[in-house]
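S.K.: Take a look at this one; I'll ask things after.
The values are calculated or read from the model by the stated rules, or taken from the named source; none is laboratory data. Being a predicted model, the structure only gives us computed values, none of them experimental. Every residue, glycine among them, receives a Cβ derived from its backbone with ideal geometry; neighbour counts consider all protein chains shown. What goes into the accessible areas is simple: the full protein's heavy atoms, side chains included, and nothing from ligands, DNA or RNA. Shrake-Rupley method; radii C 1.70, N 1.55, O 1.52, S 1.80 Å.
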Amino acid sequence: MFQQPWYSPSLVSSSSSSRPQTSGQTPAHVSPGEAAGIIALLKDKSVDELRKLLSDKDAYQQFLLSLDQVKIQNNIKDELRRETLQLARGNLEKEPQIMELRNQCKIIRTTELATAQEKLNELERQKEEILKFYSPDSLLHRLQEAMNQADEESEALQEKFLEKEIDVAAFVQKYKKLRTTYHRRALIHLAAKTSTVG
């Protein structure tokens, strides 16, 4: 009595494939040369052997694994598996080195980066001080102080002259120099103030 086949009969209806397909798979494309080779192998089988291939999953599997095309595919698959395992082992062997590098990066981040950040903050603070020192308001203020100083020095010199602590020639020379300095600074101050306002 003929046994029920172990696979769906609709899978055998495709003439393009000599192998049963599971549902959801696309049929494999077999070249005419490959198909001829498989047909030649099946042609030598008796009707009972062919029935056994259709009804016995193990017999079909054994026949399938004996095909050259399947052997080649299995060899490629085994080779790929070996290469993948070799790559995985290589990656696992590098894991301590990766962890060490990761730790070094963490140390660099926490020490050298912190030091660099501190230095950057200090340079930023210095830059702000320099910008503040050379700001127009600061320059005008310092120029005003220099004017006041020249004015006070000339008044002090005038007091000395009135109290006869300095002779006329020395007084005229120093007083003239101080007043020239005062007026030069006053003119610069006035020009700078006018240009910042305008």
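S.K.: Is at least one residue of the range 103-122 assigned to a helix (DSSP H, G or I), under 30 Å from the mean Cα position of the chain (by Cα), of a type in the set (K, R) and modelled with pLDDT under 90? Write out each step before concluding.
M.R.: First, the residues of the range 103-122 that are assigned to a helix (DSSP H, G or I): 103-110, 112-122.
When the remaining residues are screened for being under 30 Å from the mean Cα position of the chain (by Cα), the result is 103-110, 112-122.
Then keep just the ones that are of a type in the set (K, R); that gives 106, 109, 119.
From what's left, modelled with pLDDT under 90: 106, 109.
Checked the range 103-122: at least one residue is assigned to a helix (DSSP H, G or I), under 30 Å from the mean Cα position of the chain (by Cα), of a type in the set (K, R) and modelled with pLDDT under 90.
S.K.: Still on this structure: For the range 150-169, enumerate the residues that are in contact with a Phe, Trp or Tyr (Cβ under 9 Å, 6 or more places away or on another chain) and not basic (K, R).
M.R.: Within the range 150-169, the subset in contact with a Phe, Trp or Tyr (Cβ under 9 Å, 6 or more places away or on another chain) is 150-151, 153-154, 157-158, 160-161, 167-168.
Of everything in the range 150-169, those that are in contact with a Phe, Trp or Tyr (Cβ under 9 Å, 6 or more places away or on another chain) and not basic (K, R) turn out to be A150, D151, E153, S154, L157, Q158, F161, D167, V168.
S.K.: Exactly one condition in (1) open to solvent by 80 Å² or more (accessible area, probe 1.4 Å); (2) in a helix (DSSP H, G or I) is not met by L157; state its number.
M.R.: Unmet for L157, out of (1) open to solvent by 80 Å² or more (accessible area, probe 1.4 Å); (2) in a helix (DSSP H, G or I): (1).
S.K.: Considering only the range 116-135, I want to know if a residue exists there that is small (G, A, S) and closer than 30 Å to A192 by Cα. Outline the logic, then answer.
M.R.: Filtering the range 116-135 down to residues small (G, A, S) leaves 116, 135.
Then drop every residue that is not closer than 30 Å to A192 by Cα, which leaves 135.
Within the range 116-135, one or more residues are small (G, A, S) and closer than 30 Å to A192 by Cα.
S.K.: Can you run down the residue pairs with Cβ atoms below 6 Å, 6 or more apart or on separate chains, where the first is in the range 46-69 and modelled with pLDDT under 85 and the partner is open to solvent by 100 Å² or more (accessible area, probe 1.4 Å)?
M.R.: No pair meets every condition.
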